[in-house]
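To start, the structure under review is shown below, and the notes come after it.
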């Protein structure tokens, strides 16, 4: 019984390690690049992480921060800017009847 529980524990650890998403690895690499103030590399890593997990708000925030910091380093760049715009707010009729 004791061997069986150790086997289950080891297999669980292996499956847990194998199941780590790649987006988390890209996010971690982006944090390292951001810490080194390499905002262009951070932008690329955060973009990969965001593509892998587009519902993650933390990835979106860090992606936009890195994009802002990288754009500050390239003020005269004529390349088109990629914008992620928030969804429009629902229109409401505030007129009184």
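No value in this document is a laboratory result; all are computed from the given coordinates. Predicted model only: the values in this text are computed from it and were never measured. Because the Cβ atoms are built from the backbone with ideal geometry, glycine has one as well, and the counts that use them run over all protein chains shown.
Quarter the surface of the alpha carbon convex hull of segment 19-73 and you get the mean projected area, 3.2 square nanometres. Taking 7 Å steps out from each Cα toward its Cβ at residue 22 and residue 37 produces label points 3.2 nm apart.
Quick one: compute the contact order of segment 19-73, relative version, from alpha carbon pairs under 8 angstrom and 6+ residues apart, as a percent. Before the final figure, lay out the partial values.
Numbers: 58 pairs, mean separation 19.1, N = 55.
Relative CO of segment 19-73 lands at 35 percent.
Using the average count of surrounding beta-carbon atoms within 10 Å as a protection proxy, the listed peptides 34-45, 52-63 rank, highest first, as 34-45, 52-63.
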